[in-house]
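Trainee: Please find one structure pasted underneath; my questions will follow.
None of the figures in this text is laboratory data; all of them are computed from the coordinates on show. The shown structure was predicted, so the numbers you read here are calculated from the model rather than taken from an experiment. Here the Cβ positions follow ideal geometry from the backbone for every residue, glycine too, while neighbour counts run over all protein chains shown.
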Amino acid sequence: MQIIKKNVLCNTKWVNLVEIDYIDNHGNEKKWTSVERTGDRKAVLIIATVDDKLVVTKEFRVPIGGYEWSFPAGLIDDNESPEAAAIRELKEETNLDVIEIMAISPFAYNTAGLSNESIAMVYLKAKGTPGNQNAESSEDIQTFLMTKEEVKQLLQDNTQKFSAKAWISMQHFASQ
């Protein structure tokens, strides 16, 4: 496989729609349409605990027309480390403070067939009382501190929508 060129079909503040010309494994020239973050922006996904409870968010997501269960997350600002972004985003979205960062994953891709967006998963311990007073006006986020049993019950509710990466982490938390 070989990328020949990329053409920006439409650009916006946060994403570009691109058409990619490439050569497949049989030597055929093909086209692929995808979405790219502007300026090679990366993001963090924050997997936090307060005492022995998992910090879980329920956020309205316009593209799915409903609420998604996930974790605090956000874009990394220019010249910002994943650690600094995690501390900032956790405070903005949940009003919680970081006690200790336990681990940071390498950058991983969310939906590589659709987008080049990559995230670092930041595992940390936090403290405080959840709230959304620091959220932006475009964010409709509720924060829950959930026990293992509450997470298990949530995961069994097939009427709910989950972030794929969050579902995996919630499943792991509930099974320990």
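Trainee: Mean-square fluctuation check for the chain, GNM, Cα pairs under 10 Å: which of Gln133, Gln156, Gln142 is largest?
Mentor: Ranking Gln133, Gln156, Gln142 by mean-square fluctuation puts Gln156 first.
Trainee: A further question on this structure: What percentages make up the Cα-Cα pair-distance distribution of the stretch 114-176 when the bins are 10 Å wide from 0?
Mentor: In whole percents, the pair-distance histogram is 15, 41, 39, 5.
Trainee: Separate question: In a solvent-free Debye calculation with one equal scatterer on each Cα, what is log10 I(q)/I(0) for the stretch 52-155 at q = 0.18, 0.21, 0.22 Å⁻¹, listed in the order of the q values?
Mentor: Log10 I(q)/I(0), no solvent term: -1.00, -1.33, -1.42.
Trainee: For the chain, would you read off the P(r) tail past 19 Å as a percentage of all alpha carbon pairs?
Mentor: Numbers: 9533 of 15400 pairs.
Cα-Cα pairs of the chain separated by over 19 Å account for 62 percent.
Trainee: Here is a follow-up. Among Lys13, Lys127, Lys152, which one moves the most in a GNM of the chain with springs linking Cα atoms closer than 10 Å?
Mentor: So, out of Lys13, Lys127, Lys152, the one fluctuating most is Lys13.
Trainee: Only Cα pairs under 8 Å and at least 6 apart count here; give the relative contact order of the stretch 1-68 as a rounded whole percent. Could the numbers behind the result be given before it?
Mentor: Details: 91 pairs, mean separation 13.7, N = 68.
So the answer I get is 20 percent.
Trainee: Rank Glu92, Glu100, Glu83 by mean-square fluctuation in a GNM of the chain with C-alpha springs under 10 angstrom and give only the top-ranked residue.
Mentor: Glu100
Trainee: What list do you get for Met1, Met102, Met121, Met170 if you sort them by fewest beta carbons within 10 Å? Working shown, then result.
Mentor: Details: Met1 7, Met102 12, Met121 21, Met170 24.
Ranked by crowding around the Cβ, least crowded first: Met1, Met102, Met121, Met170.
Trainee: Same structure again: Using 24 Å as the Cα-Cα cut-off, could you pick out the over-long pairs in Lys91/Lys152; Lys13/Lys161; Lys5/Lys42; Lys6/Lys58; Lys13/Lys125?
Mentor: Over 24 Å apart, Cα to Cα: Lys91/Lys152; Lys13/Lys161; Lys6/Lys58; Lys13/Lys125.
Trainee: Go ahead and estimate [θ] at 222 nm for the chain from helices alone: -39,500 (n - 2.57) per DSSP H run with n ≥ 4, summed, over the residue count, rounded to 500.
Mentor: Values: 3 runs with 33 residues, N = 176.
Taken over the chain, the calculation gives -5500 deg cm²/dmol.
Trainee: Something else: Nearest-5 percent of antiparallel DSSP beta bridges in the stretch 41-175? Could you put the intermediate results ahead of the total?
Mentor: Working: 24 of 33 bridges.
About 75 percent, rounded to the nearest 5.
Trainee: Still on this model: Just want the ordering: Val62, Val55, from fewest to most Cβ atoms lying within 10 Å of their own Cβ. Mind dumping the intermediate values first?
Mentor: Values: Val62 8, Val55 23.
Going from sparsest to densest Cβ surroundings: Val62, Val55.
Trainee: Let me ask something else. Based on the alpha-carbon gyration tensor of the stretch 10-103, what equivalent-ellipsoid semi-axes (square roots of 5 times the eigenvalues) come out, in whole Å, largest first?
Mentor: Numbers: eigenvalues 229, 52, 39 Å².
Gyration-tensor ellipsoid for the stretch 10-103: 34, 16, 14 Å.
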